[in-house]
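These notes concern the structure reproduced below.
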Amino acid sequence: MTDFLQLRSLQTLEVREEDGKYVISAKGLGTTTQCASCGGVRLHGHGTQEQSYLDTPSHGLPVVIQITRRRLRCMACSKTQFDPIPDLDGKRLATRRLITHVESRCLKETFLSIARDVCVDERTVRNIFDDYVARLKETVRFETPRCL
């Protein structure tokens with residue numbers, strides 16, 4: 001059977017349709033052996049937390065991914081962190097694929113139409129656009145012509 005999500009760091013456990021959207025139970029495949037804050041290697045389990053992330057629409061329906069993420073505590077600095085899942089955006093409760101999808105459309109369509117299609121708030125689309133423009137400013141150099 002093909003994995004519904006087709007994301008390398010997530011494995012689909014169950015797919016169900018509820019209230020006009022796909023709700024997907026998944027588990028992360030990544031594990032960490034080092035603290036992100038101090039670099040310590042002595043981590044121990046500190047419980048779990050269920051989180052919901054949005055993904056790009058599939059078959060015209062919004063997709064919500066429910067993941068039970070493992071929390072870890074560093075024995076050296078006492079900070080907690082989650083097992084890393086590279087396909088999830090660190091800033092928003094969305095997949096990187098959804099962020100890329102919104103960025104590719106935001107220069108051509110209105111924020112409201114994108115927000116309706118991917119089932120997020122219009123402000124979220126604006127924030128993604130602002131981050132995208134900030135990244136473009138760092139990498140793209142516009143040159144003005146000498147003569148008009």
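Limited to segment 14-57, what total is found for residues that are free of Cβ contacts under 8 Å to residues at least 40 places away in the same chain, more than 16 Å from Asp83 (Cβ to Cβ) and assigned to a strand (DSSP E or B)?
Adding up the residues that qualify gives 4.
Identify the residue in segment 70-90 that is part of a loop (DSSP other than H, G, I, E, B), more than 18 Å from the chain's Cα centre (by Cα) and not hydrophobic (A, V, I, L, M, F, W, C) and, among all such residues, is surrounded by the most Cβ atoms within 10 Å (Cβ to Cβ).
Among those residues, the one meeting the criterion is Lys79.
Of all the residues that make up segment 113-125, how many are more than 15 Å from the chain's Cα centre (by Cα), part of a helix (DSSP H, G or I) and closer than 16 Å to Pro57 by Cβ? Working first, answer last.
Within segment 113-125, the subset more than 15 Å from the chain's Cα centre (by Cα) is 113-117, 121-123.
Filter once more, keeping what is part of a helix (DSSP H, G or I): 113-117, 122-123.
Checking the rest, the ones that are also closer than 16 Å to Pro57 by Cβ come to 113-117.
Matching residues across segment 113-125 total 5.
Select, from Thr100, Thr95, Thr68, the only residue that is assigned by TED's automatic domain parsing to the domain that holds Ile24 and closer than 29 Å to Gly20 by Cβ.
Among Thr100, Thr95, Thr68, only Thr68 is assigned by TED's automatic domain parsing to the domain that holds Ile24 and closer than 29 Å to Gly20 by Cβ.
Would you pick out the residues in segment 26-62 that are closer than 17 Å to Arg8 by Cα and in contact with a Lys or Arg (Cβ under 8 Å, 6 or more places away or on another chain)?
Of everything in segment 26-62, those that are closer than 17 Å to Arg8 by Cα and in contact with a Lys or Arg (Cβ under 8 Å, 6 or more places away or on another chain) turn out to be Gly28, Leu29, Asp55, Thr56.
Output the number of the condition that Thr95 fails; it satisfies all remaining conditions of (1) of a type in the set (S, T, N, Q); (2) surrounded by fewer than 17 Cβ atoms within 10 Å (Cβ to Cβ); (3) under 13 Å from the mean Cα position of the chain (by Cα).
The number of the failed condition is (2).
Being outside any loop (DSSP other than H, G, I, E, B), touching a strand residue (DSSP E or B) at 6+ places or on another chain (Cβ under 7 Å) and not acidic (Asp, Glu) narrows it down to one of Ile128, Ile67, Ile99, so name that one.
Ile67
Might you let me know whether segment 9-19 holds any residue that is among the hydroxyl-bearing types (Ser, Thr, Tyr), touching a Gly at 6+ places or on another chain (Cβ under 6 Å), within 27 Å of Val125 (Cβ to Cβ) and surrounded by 12 or more Cβ atoms within 10 Å (Cβ to Cβ)?
yes
Any chance segment 100-112 includes a residue that's surrounded by 15 or more Cβ atoms within 10 Å (Cβ to Cβ) and within 19 Å of Arg8 (Cβ to Cβ)?
The first filter runs over segment 100-112 and keeps only residues surrounded by 15 or more Cβ atoms within 10 Å (Cβ to Cβ), leaving 101-103, 105-106, 111.
Add one more test, that the residue is within 19 Å of Arg8 (Cβ to Cβ), and what stays is 101.
Within segment 100-112 (the criterion being surrounded by 15 or more Cβ atoms within 10 Å (Cβ to Cβ) and within 19 Å of Arg8 (Cβ to Cβ)), the answer is yes, since at least one residue qualifies.
Is segment 52-60 home to any residue that is touching a Cys at 6+ places or on another chain (Cβ under 9 Å) and either surrounded by 15 or more Cβ atoms within 10 Å (Cβ to Cβ) or not assigned by TED's automatic domain parsing to the domain that holds Thr31 (or both)?
Yes, the conditions are met somewhere in segment 52-60.
The values are calculated or read from the model by the stated rules, or taken from the named source; none is laboratory data. Owing to the predicted nature of the structure, the values given are computational and were not obtained by experimental measurement. With ideal geometry, Cβ positions are generated from the backbone for all residues, glycine too; neighbour counts draw on all protein chains shown.
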